[in-house]
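Reading through the structure tokens given below for one structure.
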Amino acid sequence: MSLRSPRRGQASGGALRRHRGLALLLVLPALLLLGALVVYPIGYSVARSLFDASGHRFVGLDNYGAAFTDHATLTAARNNAIWVAVAPALVTAVGLVFAVLTEKVRWATAFKLLVFMPMAISFLAAGIIFRTVYDADPHRGVLNAAAVAVHDTFDDQPSYPGARPRPGVGLDRVGSGDVTAPAATHVVLLPLVGVQPDTLPAGARTARRPDAGDGVSGTVFLDFVPGGGGHPGQLGPGKQGLPGIEVQLRDGGRTIATTTTADDGTFRFAAAPSATTTLVLPAADFAAPYRGVDWLGPALVTPAIIGAYIWIWAGFAMVIIAGGLANLPRETIEAARIDGAGEWQIFRRITVPQLAPVLGVVFITMVINVMKIFDLVYIIAPGPVQQDAGVLALRLYLVSFGGGNDQGLGSALSVLLLLLVVPVMLLNVRRFRGSRA
Amino acid sequence: MRLRRTLPALAAAVVLGTTATACASSGSSADASATQELKGQNLTVAAVWSGTEQENFKKVLEAFTEKTGATVSYTSTGDNLSTVVGSKIEGGDPMDVVMVAQPGVIKQFADKGWLAPLSPAVTDAAKKNYAGVWSSLGTVGGTQYGLYFKAADKSTVWYNPTAFQNAGVQPPTTFDDLLRTGRTLSDSGTPAFAVGGQAGWTLTDWFENVYLSQAGPELYDKLTRHEIPWTDPSVIKALTTLGKVFGDQQLVAGGGQGALQTDFPTSVQQVFGAQPKAAMTYEGDFVGGVIAAELKKQIGTDAKVFPFPAVDGGKAPVMGAGDAAVVLKGAKHAEAAQKFVEFLAGPEAAAVWAKAGGFISPNRAVDLSVYPDDTTRQFAKSVIDAGDTFRFDMSDQAPAAFGGTAGQGEWKDLQDFIADPSDVRGAAAKLEADAAKAYKG
């Protein structure tokens, strides 16, 4: 730069001073803004992080110590690591796939518009949308509605979901959920409870004792009289038979015979009662209805939120990558094609390497973006799993303003977050320098 | 705790809606001998109330105007009461009277030197008409600053009478009875409880009722002030009792996991909605608001209430909340402000709002016949009958980081506990660790 040249400096010191003054004057507004909006807050946060919650007592590095020992903060740091490791790579990959595919379809613009659309939705709204999408109740959450629909197509609906044996009358419920009773007498009563009387099949009739006979017979019945009353475990007026329940007669582990209960709940086997045989009502008839997947439970909540994040950002990645794709020299691709390369080979060996700089930009942007992820997690994660899904930015906010009111610890977290972002920033600046040179 | 504030508002809206009969003439019956001694004074009063609650409170203000001649202007502060009051005071233009909910906020205001002590006339009236516990809730360092005008009852179990009828059971009076009733209900095909565990405050309220009845008011106070740890045997015992409910798939719709996926409005809907999925739900008197407003059901016929039953031979708990009037230091009309609070301490003012509905008074002198329906009367009676054993919501008195923040502290620890009720000691240890951190700060 000419200003630094010593010879000219000696020649016209006054002009130089004027130059400097002018330069300073021109830069001043920007400097002031940067100072007030960036440098001062960072400095203040660093200073604040050395004081306690009230802001009056100097505590040195205690807040940093607290940050590294606090269970919730450590979970947040772990989740941030998962986010950084998974989300940017997935967004870039999905964007790349979309970009390459849109080159080949006829309605490329419409498709691009559609994929890009989520970018136009605020994060808050997107969060609310996905909170509903992931809702555990199949009547509300579309994902679980689909899961339940698929499950029920392949699996029969239980006839009496939630039914269970009346406790204390000799009926057993084994681990698999089967209801068992010894078939040692001619007549075996199998009282069940936990079924709403108005949900019984229309054909159900009052339960009765089966007619006497040689084999094992019995009654499966709803051991509950609407309005209460009656004797538990015994037949009586108002107790309905449970029709259509599969009954198995087993000897040891072997099933000897199978039958189904009649409208009054009765069933009959020809085999004589013995000490070694048991009656089994298979669990399938009583299984609680399938409720889908607990998307927002502690195990799946972070992957679920990452899914929402990809939904939003894939469009952005696609547009940037498609831009890079349009500028690629076609000759290399054509040459490869003439040499007999397949589409996959072209994609892997030609397109991706040539796109590397663009992919890098998208990836780095996403890494920085993901590090400060806050809103989606805050909105989608329900209260009970908020800590399990927590990330540093969310933790920072909750600690400072969301009830904790410890802005000292919050400032310490913000400084830590800054330190984590700085290397990525430096990398990005270096890349910009490199691309200019 | 925005939800807690808006729910009573809803409740008021609704109870009023269902019982909007004779409330127009209520305030105007001031006696002819009204002195009009405060004519020309313009009092300013601030509270968080808006909507129906604001309308009804204004009726009280009008009654005061009629009686004394002072005009009163009302400001609704929204949820940020402390901030609004603080900025008014710093700006040199304090309101005269502010309605404050939590005892902790009264203490905070008093410690900052924002409050003027209540006049002897007010404290005398309070002594005469209120159980001592209410005065002590408004007292900081031996000086009474707050007068509780409005109360809330959070020891109420709401049930679906049809489900009870189908199962042939009656409202239980002891906790063991409650568990038995619950099992019978479950046998009849309807799970006993819907628990809105996705919001942590429903769980703290469950715990507080069990603890208050089982351990007694003295230990309750000690735990509130964190003078005994959460690992105390009494806490372990209460958590074990609570685990009997939450650990039982038959008693809670969907078990503990189901409770954690259920938010508060859904839990109410599960009991009183079109197809009941549970027979009972426990939460405070404001549940009535949700039932009537959102589910369009009639309180008293479609939805009934029984008091939270006594646990292990203790006294049935009466736990709740309230709103207190405080006079700000430097109030421009200090004398009129004291007169206004004195007015609030009398039965007349409470009767005005009580008639309008959505209001319970902790004032003994208020005639129970002024309440517009049996359910509200039942709440008012149990608060009055509880006398000095009434206790203010514990989590509302704890530091917010422990008792009032989603996803952390007591809320989170109790949620973890109902997910796995077998580990009582682990849960108690976690509660103690979080409490120690929050109370220290």
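The values are calculated or read from the model by the stated rules, or taken from the named source; none is laboratory data. This one's a predicted model, so the numbers in the text were calculated from it and none came from an experiment. Cβ placement follows ideal geometry from the backbone for every residue including glycine, while neighbour counts extend to all protein chains displayed.
Observations, loosely collected:
- If the condition is being of a type outside the set (A, V, I, L, M, F, W, C), more than 10 Å from chain B (Cβ to nearest Cβ) and without any contact (Cβ under 8 Å) to a residue 12 or more places away in the chain, then the range A:401-424 contributes only A:Pro423.
- Cβ separations smaller than 7 Å between residues 6+ apart or across chains give the following pairs from the range A:217-234 residues that are at the interface with chain B (Cβ under 7 Å from one of its Cβ atoms) to residues that are at pLDDT 85 or above and assigned to a strand (DSSP E or B): A:Phe224/A:Val193.
- The number of residues in the range B:208-222 that are surrounded by fewer than 24 Cβ atoms within 10 Å (Cβ to Cβ) and either small (Gly, Ala, Ser) or out of contact with any helix residue (DSSP H, G or I) (no Cβ under 6 Å at 6 or more places or on another chain) (or both) comes to 5.
- Top-ranked residue of the range B:355-400 - restricted to ones that are in a helix (DSSP H, G or I), of a type in the set (Asp, Glu) and in contact with a helix residue (DSSP H, G or I) (Cβ under 8 Å, 6 or more places away or on another chain), ranked as modelled with the lowest pLDDT: B:Asp396
- Odd one out for A:Leu61, checked against (1) over 24 Å from A:Ile310 (Cα atoms); (2) of a type in the set (A, V, I, L, M); (3) touching a helix residue (DSSP H, G or I) at 6+ places or on another chain (Cβ under 8 Å): (3)
- Taking the range B:267-284 as the range and being surrounded by 19 or more Cβ atoms within 10 Å (Cβ to Cβ) and modelled with pLDDT under 90 as the test, only B:Pro276 passes.
Residues are listed down the side, and each one gets a yes or a no for (1) closer than 30 Å to A:Gly360 by Cβ; (2) touching a Gly at 6+ places or on another chain (Cβ under 8 Å); (3) surrounded by 13 or more Cβ atoms within 10 Å (Cβ to Cβ):
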site	(1), (2), (3)
A:Val46	no, no, yes
A:Phe51	no, yes, yes
A:Tyr64	no, no, yes
A:His71	no, no, no
A:Asn79	yes, yes, yes
A:Leu90	yes, no, yes
A:Ala93	yes, no, yes
A:Leu96	yes, no, yes
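- Among the residues listed as A:Ala272, A:Ala308, A:Ala257, the single one being on the phi < 0 side of the Ramachandran plot, in a loop (DSSP other than H, G, I, E, B) and not β-branched (Val, Ile, Thr): A:Ala272
- Residue that is farther than 21 Å from B:Thr190 by Cα, in contact with a Leu (Cβ under 7 Å, 6 or more places away or on another chain) and either modelled with pLDDT of 90 or more or of a type in the set (Val, Ile, Thr) (or both), where the choices are A:Val142, A:Val133, A:Val148: A:Val133
- Among the candidates A:Thr153, A:Thr206, A:Thr255, residue that is at pLDDT 85 or above, away from every other protein chain (no Cβ under 12 Å), touching a strand residue (DSSP E or B) at 6+ places or on another chain (Cβ under 7 Å) and surrounded by fewer than 15 Cβ atoms within 10 Å (Cβ to Cβ): A:Thr255
- Listed by first and then second residue, the pairs linking a residue in the range A:370-387 that is in the same structural domain as A:Ala304 (by TED's automatic domain parsing) to a residue that is surrounded by fewer than 20 Cβ atoms within 10 Å (Cβ to Cβ) and polar (S, T, N, Q), with Cβ atoms under 7 Å apart and 6 or more places separating them unless they lie on different chains, are A:Gln387/A:Thr75.
- Any chance A:Gln345 is within 14 Å of chain B (Cβ to nearest Cβ) and of a type in the set (S, T, N, Q): no
- Only one of A:Ala36, A:Ala30, A:Ala89 that is within 40 Å of the chain's Cα centre (by Cα), over 30 Å from B:Ala438 (Cα atoms) and outside the structural domain of A:Tyr397 (by TED's automatic domain parsing): A:Ala36
- Checking A:Thr278 against (1) under 30 Å from A:Gly215 (Cβ atoms); (2) assigned to a helix (DSSP H, G or I), the condition it does not meet: (2)
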